[in-house]
Amino acid sequence: MIDKVDFIKEDKIFSLLEKGKATDKNEIKEILAKARDCRGIDLGEVAKLLYLEDEELLDELYDVARHIKNRIYGKRVVLFAPLYTSNECANNCLYCGFRHDNKELHRRTLSLEEIVKEAKAIEKQGHKRLLLICGEDAKKTNVKHFTEAMEAIYKATDIRRINIEAAPMTIEEYKELKKAGIGTYVIFQETYHRETYRIMHPVGKKANYDWRITAIDRAFEGGIDDVGVGALFGLYDYRFEVLGLLMHCMHFEKKFGVGPHTISVPRLRPALGASLKEIPYKVSDKDFKKIVAIFRIAVPYTGIILSTRERAEFRDELLSIGVSQISAGSKTNPGGYQEDDDHADQFEISDNRSLPKMMETICQKGYIPSFCTACYRRCRTGENFMEYAKAGDIHEFCQPNAILTFKENLMDYADESLRKMGEEIILKALEEIEDDKMRTLTIARLEEIEKGKRDIYF
């Protein structure tokens, strides 16, 4: 039996939120001025920003978030695709289409051969990184399911980074994932409010709040130093969730010296057969945009992931204020890249754009589509990554690597129209590389790519 954790202090969160209500305009401006230095802000300051409603101050918030994103990460947007290997689940989460009691769902667990076929279909789109994800059923999708899938995908494709979103495991199981070549281990607490968590997860192993929230600790102890966290916005008050998630990040950063590589911001969506018919705490677009900007300001070094749950035009808008990773051409059912089955999805997708269409949009916004996997393979993870990111130096690698991977994609997958647009973006991006030596090296490597060389990175 795992002990009850004490690092999510609900009384403190409620106290901070109460104090945050009484904040004047000058105080907000001081917080935003401090945030512009890209060093983050504390929980009390976050609580004050969470109550922002003034349009002028919100515009300042977005401007600071935009500044931080460009300062830390440059103008690149990383692209990936999820690969669902199973929708069988032993849990009964009220909001999820995969829940055990859902009789409407077509259940399926992919064989190893089918997983590789899905990975090849994703690669054919032009992707180089994917997220393995599935329902939580230890009999169907244990650690061996993931390690064998990783080994097979790496062997049969040119997929270069495999991240995994999976149920909590033991330290020994995390060691196996590390040995097999996991990129980032991702797990969502769903809600940090303990009573809401209890209600939403009535049965199954997931019903144990403490076992789930300590999964990141065990992952670090198992040797995985690249982790991602998230909350499902809509289950409880979004202000509480933001502070709870940040408390979680502060806990493992203090304990292990490393913060999260990514924070995901999924918003609750309708799901076939979910028993939750209404969203308990609806989050408006205005508040959701504020959430993204506040995360960018509070943890400047962390990548922010936005999925296809959000509408296309809204995703495009959020690119400029903090989002640094997005999925594209996604399917949320096992086998979805081979065949459609709308009775096998985890949730409804709102943005159905293909990868090329998403790349076109990114270019039109003045950003660079990136398929970079260099940090993982250059051992810029954990403390090494944080050292570069917190100093604001990670963009020195991000921009050149984005250029190189984008060039490769244009040559191997793009049509003439996207290729022309992309070449123009690359020329502008080269001019933005501040270091003359790095710019020269990048140009030389672009020439190597044009001659047929692949997988070049700094």
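Before moving on, here are some points about what is shown:
- Entirely in the stretch 1-110, the helices (runs of 4 or more DSSP H) that have 3 or more residues that are at pLDDT 95 or above and either within 22 Å of VAL323 (Cβ to Cβ) or of a type in the set (Gly, Ala, Ser) (or both): 25-35, 43-49, 55-73
- Residues that are under 18 Å from VAL78 (Cα atoms) and either aliphatic (A, V, I, L, M) or in a helix (DSSP H, G or I) (or both) are absent from the stretch 272-289.
- Residues that are free of Cβ contacts under 8 Å to residues at least 12 places away in the same chain and either in the same structural domain as GLY322 (by the TED database) or open to solvent by less than 60 Å² (accessible area, probe 1.4 Å) (or both) within the stretch 21-32 are absent altogether.
- Among the candidates VAL116, VAL77, VAL143, residue that is of a type in the set (Val, Ile, Thr) and open to solvent by less than 10 Å² (accessible area, probe 1.4 Å): VAL77
- Which numbered condition ALA47 misses (of (1) touching a His at 6+ places or on another chain (Cβ under 9 Å); (2) closer than 30 Å to TRP211 by Cα; (3) open to solvent by less than 30 Å² (accessible area, probe 1.4 Å)): (1)
- ASN92 meets the conditions (1) of a type in the set (S, T, N, Q); (2) touching a His at 6+ places or on another chain (Cβ under 9 Å); (3) farther than 24 Å from THR191 by Cα in every case but one. The failed one is (3).
- Residue within the stretch 154-167 that is farther than 18 Å from PHE252 by Cα, assigned to a loop (DSSP other than H, G, I, E, B) and of a type in the set (Ser, Thr, Tyr) present: yes
- In the stretch 234-271, residue nearest to SER284 (Cα to Cα) [restricted to those that are open to solvent by 10 Å² or more (accessible area, probe 1.4 Å) and among the charged types (D, E, K, R)]: ARG267
- Selection status of ILE153, open to solvent by less than 20 Å² (accessible area, probe 1.4 Å) and within 19 Å of the chain's Cα centre (by Cα): no
- Of the residues making up the stretch 160-199, those that are without any contact (Cβ under 8 Å) to a residue 60 or more places away in the chain, under 14 Å from ALA219 (Cβ atoms) and among the polar types (S, T, N, Q) are THR170, GLN189.
- Subset of the stretch 274-285 [open to solvent by 10 Å² or more (accessible area, probe 1.4 Å) and in contact (Cβ under 8 Å) with a residue 24 or more places away in the chain]: SER275, LEU276, ILE279, PRO280, TYR281, LYS282, VAL283, ASP285
The values are calculated or read from the model by the stated rules, or taken from the named source; none is laboratory data. This is a predicted model, so every value here is computed, not measured. Positions of Cβ are backbone-derived with ideal geometry, glycine not excepted, and every protein chain shown enters the neighbour counts. Calculation scope for accessible area: heavy atoms of the full protein, side chains included, ligands and nucleic acids excluded. Shrake-Rupley method; radii C 1.70, N 1.55, O 1.52, S 1.80 Å.
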